[in-house]
1. So the check is Cβ under 6 Å with 6+ separation or different chains; which pairs have a first residue in region 34-48 that's in contact (Cβ under 8 Å) with a residue 60 or more places away in the chain and under 15 Å from ASP236 (Cα atoms) and a second one that's open to solvent by 40 Å² or more (accessible area, probe 1.4 Å) and assigned to a strand (DSSP E or B)?
2. Mind listing whichever residues of region 104-132 are touching a helix residue (DSSP H, G or I) at 6+ places or on another chain (Cβ under 6 Å) and either farther than 20 Å from LEU183 by Cα or modelled with pLDDT under 95 (or both)?
3. Might you check whether a residue that is closer than 28 Å to GLU321 by Cβ and part of a loop (DSSP other than H, G, I, E, B) occurs anywhere in region 194-207?
4. Over 25 Å from LEU116 (Cβ atoms) and either touching a helix residue (DSSP H, G or I) at 6+ places or on another chain (Cβ under 8 Å) or crowded, with 24+ Cβ neighbours inside 10 Å (or both), is that true of GLU166?
5. Which residues, counting only those in region 205-232, are of a type in the set (Ser, Thr, Tyr) and farther than 14 Å from LEU130 by Cβ?
6. So which residues in region 150-171 are of a type outside the set (Gly, Ala, Ser) and touching a strand residue (DSSP E or B) at 6+ places or on another chain (Cβ under 6 Å)?
7. I need the full set of residues from region 267-288 which are surrounded by 23 or more Cβ atoms within 10 Å (Cβ to Cβ), of a type outside the set (A, V, I, L, M) and outside any loop (DSSP other than H, G, I, E, B), in order please.
8. Just for region 122-135: of the residues that are open to solvent by 30 Å² or more (accessible area, probe 1.4 Å) and touching a residue at least 24 places away in the same chain (Cβ under 8 Å), which one is nearest to VAL159 (Cα to Cα)?
Amino acid sequence: MITRLAVGVLLVLALACSARTQSLPADAPHDSSKIAPDGTAYVTRIVPVPTTISPEAQKVLARQESDEAKPQTLEQRRSGTDKWQAAAGEAAEKIYPAKVAAGSIAGVPVRVITPLSIAPEKRDRVLINLHGGGFNSDSGSLSETIPIANLTGTKVIAVLYRLAPEHPFPAGLEDAVAVYKELLKSYPPRHIAIYGTSAGAILTAEVTAKLKQLGLPMPGATGIFSGMGDFTRPGDSLALYALNGLSGHLDPPEPDMKGDLDYTASSSLKDPILSPLFADLSGFPPTLFVTSGRDLLLSGTIILHRAYLKAGVAAELVVFEALPHAFWNNPRLPESKEADQLMANFLDRHLSQ
């Protein structure tokens with residue numbers, strides 16, 4: 001029997017721009033650890049900002065954020081996310097010019113992101129983006145798509161799927177599958193790729209499992225960028241990192257993870273579509289996994305990647321150093337440009353086969 005280890009963590013970030021430990025006040029915390037009989041770890045760590053990342057990324061890690069909880073209503077979260085996403089999309093478009101239009105496919109609202117020019121050999125290809133945002137808001141339909149459309153020279157369809165808590169699982173899944181089925185009428189499956197970040201990464205794996213269950217042809221490739229495939233157990237990184245890595249509010253891990261109830265609702269957490277870690281993953285398309293060293297979904301991403309490998313899937317994993325969750329949504333970071341290029345190269349390469 002495997003004993004589940006909960007990890008309670010107190011981490012202190014030293015805002016230094018050197019990998020060497022800086023001189024600290026006499027009353028500053030020092031590295032310490034205490035391991036309880038059940039394996040729970042109570043640790044304090046001094047973590048300098050690494051010089052292995054860009055100066056721009058070092059500044060991101062050096063931003064101070066209160067550890068106090070900042071409750072938001074759903075309306076406030078969506079309003080703030082929409083405002084941020086619009087600004088991020090505008091910033092991305094300055095670096096990666098593309099055309100953005102609203103549309104509808106199979107009755108599902110979408111954004112259509114089109115490169116300024118499309119080579120003839122790429123006109124029968126399309127990418128499907130399932131945006132992030134915790135299943136309750138849109139934090140990626142622009143920032144996750146504009147760079148990829150530009151870099152791949154391929155049209156991207158961002159699915160504006162129904163959101164929780166008004167529309168829990170499987171509503172968003174059904175919307176994504178409906179869009180895929182409609183696109184199959186115009187594109188060969190080997191020339192369709194599906195990808196997403198965070199909630200969209202989770203949804204990408206769920207959609208793939210659902211397509212297999214329905215007996216539909218698999219897409220040519222998928223991209224799972226900071227996701228997970230198991231709602232029954234928290235990964236280790238969820239006890240270590242908040243949304244912004246080592247800064248910001250972080251609740252202690254719950255003894256029994258009950259999933260994201262707004263999203264999962266009354267569904268069984270072991271449903272192989274909701275939690276694809278319990279599905280038969282054999283026959284899934286080539287998949288790129290991307291995460292980072294201080295990503296709250298680091299564990300979820302690497303656990304699912306290992307499951308894909310065990311099932312014989314051609315799965316690649318790239319882990320960026322030190323950066324927090326979904327850092328590539330900040331188009332100004334050199335690491336974001338590198339991540340976008342990696343994602344674009346993978347998707348373009350597999351749709352070219």
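The values are calculated or read from the model by the stated rules, or taken from the named source; none is laboratory data. Predicted, not measured: the structure shown is a model, and the values here were computed from it. In this analysis, Cβ positions are derived from the backbone assuming ideal geometry, glycine residues included, and neighbour counts consider all displayed protein chains. These accessible areas exclude ligands, DNA and RNA; they are computed on the full protein's heavy atoms, side chains included. Shrake-Rupley method; radii C 1.70, N 1.55, O 1.52, S 1.80 Å.
1. Within 6 Å, no pair qualifies.
2. Scanning region 104-132 gives a single hit, GLY132.
3. Start the filter on region 194-207 by keeping residues that are closer than 28 Å to GLU321 by Cβ, which leaves 194-205.
Then keep just the ones that are part of a loop (DSSP other than H, G, I, E, B); that gives 198.
Yes: one or more hits.
4. Numbers: over 25 Å from LEU116 (Cβ atoms): yes; either touching a helix residue (DSSP H, G or I) at 6+ places or on another chain (Cβ under 8 Å) or crowded, with 24+ Cβ neighbours inside 10 Å (or both): no.
Spelling it out, it is not the case that GLU166 is over 25 Å from LEU116 (Cβ atoms) and either touching a helix residue (DSSP H, G or I) at 6+ places or on another chain (Cβ under 8 Å) or crowded, with 24+ Cβ neighbours inside 10 Å (or both).
5. Of all residues in region 205-232, those of a type in the set (Ser, Thr, Tyr) come to 208, 222, 226, 232.
THR232, the sole residue that qualifies.
6. Pass one, region 150-171, residues of a type outside the set (Gly, Ala, Ser): 150-152, 154-157, 159-163, 165-170.
Across region 150-171, the qualifying residues are ASN150, THR154, LYS155, VAL156, ILE157, VAL159, LEU160.
7. Step one: list which residues in region 267-288 are surrounded by 23 or more Cβ atoms within 10 Å (Cβ to Cβ), which gives 274-276, 281, 284, 287-288.
So of that shortlist, the ones also of a type outside the set (A, V, I, L, M) come out as 275-276, 284, 287.
Matches in region 267-288: PRO276, THR287.
8. Keep residues of region 122-135 that are open to solvent by 30 Å² or more (accessible area, probe 1.4 Å), which gives 122-124, 134.
Those left that are additionally touching a residue at least 24 places away in the same chain (Cβ under 8 Å): 122, 124, 134.
On the way: LYS122: 20, ASP124: 19, GLY134: 15 Å.
Among residues in region 122-135 that are open to solvent by 30 Å² or more (accessible area, probe 1.4 Å) and touching a residue at least 24 places away in the same chain (Cβ under 8 Å), the one nearest to VAL159 (Cα to Cα) is GLY134.
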